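Derivation of every value follows stated rules applied to the coordinates shown; laboratory data play no part. Note that the structure is predicted; figures quoted are calculated from it, not measured. As a convention, Cβ positions derive from the backbone with ideal geometry for all residues, glycine included, and neighbour counts pool all protein chains shown.
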Amino acid sequence: MRKLVVAISMLAFAGSAAFADPIIDRQALMKERGKIVGGLAKVAKGEDAFDAGAVLTQLQALQANAEKFDVDALFPKGSDVGDTTAGPKIWEDTVGFKAVEDKYLSNVKAAVAAPPADVDALKAQVGAIGSDCGTCHQGYRVKKG
């Protein structure tokens, strides 16, 4: 019982600590997102074997990640300075930024709702999702270096 109370307390603390540092939090979400998309891309390219169950699990993880992406909490005013590659256009065109993220979430949800049966179907889904990533990175991100 004591372990259960400790576990619940830790979850409550973790929930309250969510988005404590928006720059660190959004970078963590994006790193997670990149890792998942990278895994899917390896399968789409034929570098890893296609396993429908594993692909669906990755797509579900991608959806969970996308659903945590709260633009207002992750990009509050003042979080444009510091160790970040978030471009000023995010705050200048928040509506457009949210629209790009909404399209991305929609494409991820569609992929989960109709999981690919083969590599060719996965390629199409990864292409749509990757296009959304590219749109955001080109328009709303500052390149380092």
Residue 52 being within 17 Å of residue 111 (Cα to Cα) and in contact (Cβ under 8 Å) with a residue 60 or more places away in the chain: yes
With the checklist (1) free of Cβ contacts under 8 Å to residues at least 12 places away in the same chain; (2) among the β-branched types (Val, Ile, Thr); (3) under 25 Å from residue 121 (Cα atoms) in hand, flag the one item residue 100 doesn't pass. (1)
Would you check which residues across the range 104-129 are buried (at least 16 other Cβ atoms within 10 Å of the Cβ), under 13 Å from the mean Cα position of the chain (by Cα) and not aliphatic (A, V, I, L, M) and list them? 104, 107
